[in-house]
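See structure below.
The values are calculated or read from the model by the stated rules, or taken from the named source; none is laboratory data. Predicted model, so just to flag it, every value in this text is computed and none were measured. All Cβ positions, glycine included, derive from the backbone under ideal geometry; neighbour counts span all protein chains shown.
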Amino acid sequence: MKIIKSIAFWTVILALGILVEMLGRFEYINPYVIQVLELIGINIILVSSLNIINGFLGEFAIGHAGFMATGAYLSAICTVKFHMPFALGFLAAGLLSGLIAYLIGVPAFKTFGDYLAVITLGFNMIIVNLLNNLEYVGAARGMVGLPKSTNFIWVFCATILTLIIFRNIIFSNYGRIWTAIRENTLAAEMMGINVVRSKMVAFAIAGCFAGLAGALWGHMLQYINPSSFTYLKSTDMLTMLYLGGVGSLTGSVLGAVLMTGLLEILRDLGVWRMVIGPVILVLIMLTKPLGLFGSRELKIVQPKSDREEVQKYVSHAGRKHNNEL
């Protein structure tokens, strides 16, 4: 019965995505609205992958746009230069971005404190400067002529699969290793956890999905430029992450939806939208320092076994407190 309910639920979700795509193709839904929905989906993938590092692992990386750029340019090279199907370029973008993230993690996680932020920011700047001077990919002019391969179904399916994969990893034994490292690195190491390797795997997974988001983004706009992937883009991701809430998959979705939607709603205000948006973020941070959903999940996201374990722990702690009184 549980399997049947699960199949029925995901069938309905897929049917909803197909319906929106068809309504968009026949222009029953404004193409602008469809593109905003696609952008929201891409941002959800980016913010969720960044949350793996900054939220669940407890590190602080600020160069996520570098992995996005890697994925965007590699997929563009595959489709424009080698005329490969977008699906192959999409997969190649994720694999290469994940591999680069893993290699960066080798020196990065031998350091402590804020050095990861410095290293990732340096990587972001290196990627942008390299692309600015690489004529093969158009240098500062960027690459044009990318096929319009990204549509709502592509983004919808990629977003849903990303959330399912992250949810299953986070609430698995391996995901709990990341949480243990975040809470107390020394205690986790004394329990036999290979801290450096676990961090590198988390970094590779986050980089892989950032690369996939970059591939979708490039083939949505059909044009990519190095200036689109500077540290300002990384800052946008951080803003969405800390708005929705660190250590929360629900928060990643909420932050991406709210920030992307808010900036589009305020677009008619011109440059003032870049002032009003951050002011709202500051107000939220003052009242909710961990974000709107910091370290919390909706019931549909958190497995039943985990909810029961939390309730059991809270109940036990309450009884212990009463006995002490």
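Might you let me know whether region 128-138 holds any residue that is within 23 Å of Asn43 (Cα to Cα) and modelled with pLDDT under 95?
Initial filter on region 128-138 (within 23 Å of Asn43 (Cα to Cα)): 128, 131.
Narrowing further to those that are modelled with pLDDT under 95: none.
No, that holds for no residue.
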Looking at region 273-281, can you tell me whether even one residue there is of a type outside the set (A, V, I, L, M), at pLDDT 90 or above, out of contact with any Phe, Trp or Tyr (no Cβ under 7 Å at 6 or more places or on another chain) and closer than 30 Å to Leu146 by Cβ? no
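Filter region 192-233 down to the residues that are assigned to a helix (DSSP H, G or I) and among the hydroxyl-bearing types (Ser, Thr, Tyr), then identify the one that is modelled with the lowest pLDDT. Show your work before the answer.
At the first step, the residues of region 192-233 found to be assigned to a helix (DSSP H, G or I) are 195-221, 226-229, 231-233.
From what is left, the residues that are among the hydroxyl-bearing types (Ser, Thr, Tyr) are 198, 227-228, 231.
Values: Ser198: 94, Ser227: 93, Ser228: 94, Tyr231: 89.
Restricting to residues being assigned to a helix (DSSP H, G or I) and among the hydroxyl-bearing types (Ser, Thr, Tyr), the top hit is Tyr231.
Name the residue that is modelled with the highest pLDDT, counting only residues in region 296-325 that are touching a helix residue (DSSP H, G or I) at 6+ places or on another chain (Cβ under 8 Å) and either more than 30 Å from Thr235 (Cβ to Cβ) or not charged (D, E, K, R) (or both). If you could, list the steps in order and put the result at the bottom.
Filtering region 296-325 for residues touching a helix residue (DSSP H, G or I) at 6+ places or on another chain (Cβ under 8 Å) gives 296-299, 301.
Pick out the ones that are also either more than 30 Å from Thr235 (Cβ to Cβ) or not charged (D, E, K, R) (or both) and you get 298-299, 301.
On the way: Leu298: 83, Lys299: 78, Val301: 78.
Once the filter is applied, the top-ranked residue is Leu298.
Sort through Ile164, Ile104 and tell me the only one that's within 20 Å of Gly211 (Cβ to Cβ) and free of Cβ contacts under 8 Å to residues at least 24 places away in the same chain. Walk me through how you get there before you give the answer.
Numbers: Ile104 fails: free of Cβ contacts under 8 Å to residues at least 24 places away in the same chain.
The match here is Ile164.
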Does Leu88 satisfy the criteria of being at pLDDT 95 or above, surrounded by fewer than 16 Cβ atoms within 10 Å (Cβ to Cβ) and either of a type outside the set (Asp, Glu) or out of contact with any Gly (no Cβ under 8 Å at 6 or more places or on another chain) (or both)? yes
Odd one out for Leu186 among (1) of a type outside the set (Lys, Arg); (2) touching a helix residue (DSSP H, G or I) at 6+ places or on another chain (Cβ under 8 Å); (3) part of a helix (DSSP H, G or I): (2)
State whether the residues of region 45-65 include one that is of a type in the set (Ser, Thr, Tyr), under 14 Å from His219 (Cα atoms) and crowded, with 23+ Cβ neighbours inside 10 Å. no
Taking region 246-295 as the region of interest, how many residues are of a type in the set (Ser, Thr, Tyr), surrounded by fewer than 20 Cβ atoms within 10 Å (Cβ to Cβ) and closer than 20 Å to Thr235 by Cβ? 0
Tabulated pairs, region 265-289, first more than 20 Å from Leu39 (Cα to Cα), second assigned to a loop (DSSP other than H, G, I, E, B), C-beta under 9 angstrom, 6+ apart or interchain: Trp272/Leu266; Ile276/Leu266; Ile284/Gly291; Ile284/Leu292; Met285/Gly291; Lys288/Gly245; Lys288/Gly294
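Evaluate the following for Ser252: is it assigned to a loop (DSSP other than H, G, I, E, B) and modelled with pLDDT of 75 or more? Give the steps one after another, and end with the answer.
Working: assigned to a loop (DSSP other than H, G, I, E, B): no; modelled with pLDDT of 75 or more: yes.
So Ser252 does not fit the description; no.
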For region 92-145, what are the residues that are surrounded by 14 or more Cβ atoms within 10 Å (Cβ to Cβ), among the hydrophobic types (A, V, I, L, M, F, W, C) and not in a helix (DSSP H, G or I)? Phe109, Met143
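Being over 21 Å from Leu161 (Cα atoms) and at pLDDT 90 or above narrows it down to one residue among Asn30, Asn43; which is it? Step through it out loud before you land on a result.
Working: Asn43 fails: over 21 Å from Leu161 (Cα atoms).
Unique residue meeting the criteria: Asn30.
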Going residue by residue through region 3-17, is there one that turns out to be over 20 Å from Leu232 (Cβ atoms), touching a residue at least 40 places away in the same chain (Cβ under 8 Å) and in a loop (DSSP other than H, G, I, E, B)? no
